[in-house]
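What follows is calculated from the coordinates using simple rules that are stated; it is not laboratory data. Since the model is a prediction, treat every value here as computed from it, not as a measurement. Here Cβ is always computed from backbone atoms with ideal geometry, including for glycine, and neighbour counts include all displayed protein chains.
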Amino acid sequence: MKPLTKSRFKLGLECPNKLYFTGKAAYANKKVEDSFLQALAQGGFQVEALARLHYPEGIFVDAKNYEYDKAIEITKTALEKNNVCLYEAAFTTENLFVKSDIVQKNGSNVKLIEVKSKSFDPADLYALIGKKGGVVSAWKPYLFDLAFQKYVAQKSFPQFNFTAYLMLADKTKKATIDGLNQMFRIRKDTDPRKEIDYRIENAEELGESILCEINVDDLINEILNGNYAYFEGLSFEETVGLLQNYYTNNIYADSPCKHSACKACEFKSTPLEEENGLLSGFKHCFTKQFGWSKTEFEKPNVLQIWDCRDGKLLDQGKILMEDLSPEDLKLKPEAGRISRTERQMLQVEKAVANDLQPYILVDELKAEIATWQFPLHFIDFETSTVALPFTKGRKPYEQVAFQFSHHVYYEDGRVEHKTEYINDNPGEFPNFKFAEALKNALQNDAGTIFRFADHENTIINAIIKQINDDPEQTDEGLIDFLKSISHSSKNSVQEWEGERDMVDLRKIILNYYYNPLTNGSNSLKYVLPAILNTSNFLQTKYSQPLSEINVSSKNFPNNHIWLNFEGNQVINPYKQLPKLFADWDQEKIKETLSDLESIADGGAALTAYSKLQFTDMSNAEREELRKSLLKYCELDTLAMVMLYEHFTCDF
């Protein structure tokens with residue numbers, strides 16, 4: 001029988017129903033590659049490699065993912081020694097199976113160490129257990145994961161005394177050498193979990209470690225003893241037994257659908273996937289529990305409502321939007337803007353009526369636009385956070401700004417892709433050069449600057465703090481400029497609001513505009529195709545070559561056309577971004593390290609940047625990724641220009 005592994009245990013904690021769908025090729029699964037890409041982008045593999053240097057005598061338990069018996073036998077034999085250290089040690093009992101990142105045995109005492117590329121402040125008394133006494137929700141999956149490991153390991157070897165630890169990135173520590181994250185390199189066709197190239201001879205070359213090892217054994221024991229239950233009314237052992245029974249015996253749990261879990265369910269299939277024969281776990285649940293047929297699945301439901309967090313609606317049987325009243329959404333209008341609940345009610349009413357016309361507070365929007373000053377500047381940043389810092393003096397997970405794009409819209413209607421910046425040099429901390437380039441791009445006039453969402457303001461705040469904390473950075477003019485185009489965040493020591501504080505176009509949308517074609521999303525990736533399918537002006541203008549519409553580009557030819565149609569629908573421009581390596585032959589493509597088909601969203605951009613940092617690729621491949629990043633970022637700021645034109649030319 002297939003054992004309940006720790007990954008399946010964690011999945012079952014999210015929702016027991018998922019155990020019925022996981023691992024079955026018949027069901028769509030959107031998270032199949034997520035964990036790998038997330039670990040790569042955030043430097044998770046490098047953190048594991050660094051953690052092992054804390055225990056350099058360790059032996060890797062070399063067995064493939066499903067070679068359970070081999071991994072268990074290697075571990076059992078090794079633990080017969082009085083003193084031994086293992087990486088990926090395997091334990092099994094009662095058809096349960098876990099692998100532990102680092103296990104150190106001294107006599108009968110065994111340290112069980114779980115390594116996570118997650119930041120932690122050892123001085124924070126409420127980091128794991130909140131002020132009200134419960135396990136902090138962000139840490140709950142990690143702690144129950146470790147509890148499961150100790151549960152299985154202790155039952156496997158009752159003669160030993162297991163003590164549970166977490167090894168994490170210490171957010172209070174600074175790197176004491178340059179290029180820390182470059183000391184661990186990923187090679188092609190290898191498993192980065194065990195085959196990372198170390199660019200050092202010993203741990204001393206890394207300076208002071210930025211990792212911390214936290215003894216959480218008392219807390220883990222409390223979890224094991226049932227003091228912190230994951231499912232109400234069930235002890236830890238009962239929870240394990242329940243999930244094991246569901247998974248091992250292929251039983252659908254029929255656990256009640258919950259708003260947050262169902263909304264984020266990865267076992268949803270797209271129409272195209274269903275055409276290709278893939279099943280939907282989401283539909284399976286709703287068919288079983290609510291008796292839904294094809295008709296109900298084709299209707300808009302409450303899980304699709306923007307920013308709706310009311311889990312009671314499902315419990316009350318109010319699942320379809322057509323079942324909702326203003327009272328259900330606690331409708332509360334606000335003067336001069338679209339309130340949060342008004343926006344939700346707009347989405348419901350238009351979805352139920354199949355009304356695709358945008359809703360606009362025209363007068364309020366025009367009054368806002370009247371305050372903007374030409375030339376208009378549109379800015380988008382691409383950023384990363386990495387566990388292992390680029391340079392000495394930096395802390396884990398500091399913001400890294402490696403790219404921006406900048407479009408200018410002039411009063412006469414000209415659109416210029418004015419400036420762009422990218423720094424993909426391995427091991428170089430780019431933020432200060434990034435800020436200088438941004439200053440050079442924006443300081444030459446007093447025109448209004450636009451961003452989309454809070455991200456750019458957050459990054460500027462982070463860079464200001466980094467400059468203030470770096471004794472080698474003495475350019476007060478740079479800080480003055482950055483403050484002039486931003487405002488202080490809530491946690492800033494100083495307070496400011498710049499005279500050219502960037503205008504958030506997302507906030508403009510939230511306040512004055514709702515387009516049903518976004519399906520409730522306010523992401524630029526959804527807003528752009530929605531406005532293109534709505535606006536006659538944009539369709540007419542951007543279905544022509546760039547050279548004929550007075551729009552310049554740094555990365556696309558003059559004859560490039562942004563708008564193409566499939567039937568009566570505009571094809572999303574993000575889906576038309578060029579594929580990577582389109583002009584390369586197959587033999588050359590096989591030699592690439594990036595394993596990316598295109599860069600068309602922020603996640604792909606982050607992954608591309610991480611691979612540029614952590615892998616040894618050819619200059620040709622590096623240049624291909626660089627060009628693709630530039631094209632993607634350019635589209636982001638051009639999309640903001642199009643949004644502005646929609647606001648000013650269509651209403």
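Counting only alpha carbon atoms, the long axis of helix 68-78 and the longest principal axis of the chain meet at about 50°. Oblate is the label for the range 263-411, because a/c, from the alpha-carbon gyration tensor with a ≥ b ≥ c as root eigenvalues, is 1.5 or above and a/b does not exceed b/c. Per residue, the chain reaches -11000 deg cm²/dmol at 222 nm when only DSSP H runs of four or more residues are counted, each adding -39500 (n - 2.57).
What is the mean projected area of the alpha carbon convex hull for the chain, to one decimal in square nanometres?
On the way: hull surface 125.1 nm².
Mean orientational projected area (the chain, Cα hull): 31.3 nm².
Peptides 80-86, 170-176, 108-114 ranked from most to least packed, by the mean per-residue count of other Cβ atoms within 10 Å: 108-114, 170-176, 80-86. 3J(HN,Hα) couplings calculated from phi for the range 416-425 with the Karplus curve 6.51 cos²θ - 1.76 cosθ + 1.60 (θ = phi - 60°) are, in sequence order, 10, 7, 6, 9, 8, 9, 8, 10, 10, 5 Hz; Gly and Pro show x.
Taking a sphere under 15 Å around the Cβ of L629 and counting the other residues whose Cβ falls inside, with K and R at +1 and D and E at -1, yields a net charge of -4. With a Förster radius of 56 Å applied to the beta-carbon distance between S339 and E80, the computed FRET efficiency rounds to 0.25.
Taking the mean number of other Cβ atoms within 10 Å as a proxy for protection, how do you rank 448-456, 547-555 from highest to lowest? Intermediate results must be reported in sequence, preceding the final value.
Working: 448-456: 20.7, 547-555: 15.9.
Packing order, densest peptide first, comes out as 448-456, 547-555.
Using every pair of separate Cα atoms, the Kirkwood estimate puts the hydrodynamic radius of the range 367-505 at 15.7 angstrom. Over the Cα atoms of the range 558-651, the radius of gyration divided by the Kirkwood radius equals 1.06; this is the Rg/Rh ratio. A DSSP coil position with no more than 16 other Cβ atoms inside 10 Å describes the following chymotrypsin sites (Phe, Trp or Tyr not before Pro) in the range 502-587: W584. Taking a point 7 Å from the Cα of D363 along the Cα-to-Cβ direction, the residues of the range 328-355 with backbone N closer than 17 Å to it are 334-339. The angle separating the long axis of helix 619-649 from the principal Cα axis of greatest extent in the chain is about 50 degrees.
In this structure the amide hydrogen of T5, modeled in the peptide plane, comes within under 5 Å of the amide hydrogens of F97, none closer than 5 places in sequence on its chain. Calculate how steeply helix 236-248 sits against the longest principal axis of the alpha-carbon atoms of the chain, using the helix alpha-carbon long axis, and give the answer as 0 to 90 degrees to the nearest 10. Roughly 80 degrees between the two axes.
Under the combined filter of DSSP loop state and at most 13 neighbouring Cβ atoms within 10 Å, the range 239-317 retains these GluC sites (Glu not before Pro): E298.
Taking a Cβ cut-off of under 14 Å around P375, the surrounding Lys, Arg, Asp and Glu residues balance to a net charge of -1, with basic ones at +1 and acidic ones at -1.
Taking only the Cα atoms of the range 492-602, the ratio Rg/Rh comes out at 1.07, with Rh defined as the Kirkwood radius.
Distance cut-off 23 Å, Cα to Cα: go down the list K258/K525; K173/K439; K24/K76; K2/K140; K263/K288 and report the pairs above it.
Working: K258/K525 27 Å; K173/K439 30 Å; K24/K76 31 Å; K2/K140 26 Å; K263/K288 17 Å.
With Cα atoms farther than 23 Å apart: K258/K525; K173/K439; K24/K76; K2/K140.
If you stretched the chain out fully between A446 and W584, how much longer would it get, using 0.36 nm times the residue separation minus the C-alpha to C-alpha distance?
Length difference between fully extended and current span is 45.2 nm.
For the listed peptides 147-157, 120-130, a ranking on the average number of other beta carbons within 10 Å per residue, highest first, reads 147-157, 120-130.
With R₀ set to 60 Å, the beta-carbon distance separating F60 from N558 gives a calculated FRET efficiency near 0.65.
If you add up the charges near G281, with Lys and Arg at +1 and Asp and Glu at -1, over every other residue whose beta carbon is less than 10 angstrom from its beta carbon, what do you get?
+3
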